[in-house]
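Trainee: Just dropping this structure here.
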Amino acid sequence: MLPPIHLRDVRENLAALAREAGDLLHSVAADLRETRWDAQSAADWSRQAAWLERRLDALYSARSWSRESLRLTSGPLRRLHRGPTVVPPEDEDQRWSRVTGSLTALTRSLAVAADEHRTPVPPEGPVLDLYARLLRLIGDACHTEARELVGERADTDPAEATGASMEELHRRLQEGLREQAGHGAGRTAVLGALLLQAENLWAEIVPEPHTSHETREPHESNETRESNESRESNEPVEQ
């Protein structure tokens, strides 16, 4: 009997991290569109961001277990002529660590702007609605990736349509940023910082057109590839 291989835990934690990141973005977007930008909302967003940090720790722990599982089972699996189960590459952990950091920075900026005793003044009006819609689309991309990680496939590829919508929202937000400049430097600074954080999330989460999670995620991890190469080198060569 072989020891358990803890590879599913890595995939499940990555999927949960993507899903919960999307939930946070949707929560922020909904509150902004309903103009619920106050200390209570900011505290709720901060709690959700803190939970993402804990989920990231769980992912790192699962990755450590998966690495040890592969080490213990690679030999027996070679003798059975079976390759290890595919596990998402470790680069994905680092990418979602950057996403988590960007979301933490975003919620912190929103909390500061929501504090009526602070100097920065939050943006308002149509530009705030545009920003909320941008966050909503990024959240949709997170949810799509979460579904892909657990084996669900969308009927259509949303990347191209999402990218076009986001490009349009981004263009209009840039115009809004110039308009906000006429209402004072403080409001412009807040919107500029929020837009930069959304751009960072966009770059990490939203795939280029015709690029899916499958093309971003190699079918073999380093551990899997090394184990397969070792297995091949130990198989007898037919004369």
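Any read-out appearing in this document is the output of simple, stated calculations on the displayed coordinates, not a laboratory observation. All figures in this text were calculated on a predicted structure; none of them were measured in a lab. Neighbour counts run over all protein chains shown; Cβ positions are idealised from the backbone, glycine included.
Trainee: Counting other beta carbons within 10 Å of each residue's own, what order do 23, 91 fall into, fewest first?
Mentor: In increasing order of surrounding Cβ atoms, one gets 91, 23.
Trainee: Using a Förster distance of 22 angstrom, determine the FRET efficiency expected from the C-beta separation of residue 60 and residue 203, and round it to 0.05.
Mentor: Numbers: r = 23 Å, r/R0 = 1.03.
It comes to 0.45.
Trainee: Take 144, 188 and order them by how many other Cβ atoms sit within 10 Å, fewest up front.
Mentor: 188, 144
Trainee: Give me the number: length gained by fully extending residue 185 to residue 167, i.e. 0.36 nm times residue separation minus the C-alpha to C-alpha distance, one decimal in nm.
Mentor: Fully extending the segment from residue 185 to residue 167 adds 4.0 nm.
Trainee: Using the 10 angstrom Cβ neighbour count as an exposure proxy, how do 44, 140 rank, fewest first?
Mentor: Exposure proxy ranking, most exposed first: 44, 140.
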